[in-house]
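Scroll down for the structure; my scribbles are underneath it.
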Amino acid sequence: MPQNFHSDVNFNGHKVKNARLEIVTLSGTSINMDWATADVFMLSLSGVTTLTDVNLTAGMVKELRIVGNGHLITLPSYWTIVGSGTFDAGGTNVLNITCYDATPSSEIVELSISTR
């Protein structure tokens, strides 16, 4: 069940008034991230984890916060990391994910990684 928050937010330099932010906590080691269910996903790894996505839609931007707990995660093969960020298995990682094309077998998804 998503947690819902309503407030003014700054999104990519633009102020959005009374935005609805849905947060979903994911669990397990085989994760289906459903793009339709939330804006922010939170995951604390309990082992080597494989992530797949469901309801991928062009134009969507999501955030995935991952606490590594010493474990690694396998992302979908068509997700491309942009920038110099790398996944820190021992830390907290924030992935900002944008889908440009959701066409099956032609997906274009880019993400940046920052660590906290």
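Of note:
- Members of segment 26-40 that are outside any strand (DSSP E or B), under 17 Å from E63 (Cβ atoms) and not aliphatic (A, V, I, L, M): W35, T37, D39
- Which listed residue is aliphatic (A, V, I, L, M) and at pLDDT 95 or above, from V109, V67: V109
- Subset of segment 42-52 (residues that are within 10 Å of the chain's Cα centre (by Cα) and either β-branched (V, I, T) or more than 12 Å from I73 (Cβ to Cβ) (or both)): M42
- Neighbours by Cβ (under 7 Å, 6+ apart or cross-chain): first from segment 54-75, in contact (Cβ under 8 Å) with a residue 12 or more places away in the chain and closer than 13 Å to L43 by Cβ; second small (G, A, S) and outside any loop (DSSP other than H, G, I, E, B): V67/S44; N69/S44
The values are calculated or read from the model by the stated rules, or taken from the named source; none is laboratory data. Quantities reported herein were computed from a predicted structural model and do not represent experimental measurements. As a convention, Cβ positions derive from the backbone with ideal geometry for all residues, glycine included, and neighbour counts pool all protein chains shown.
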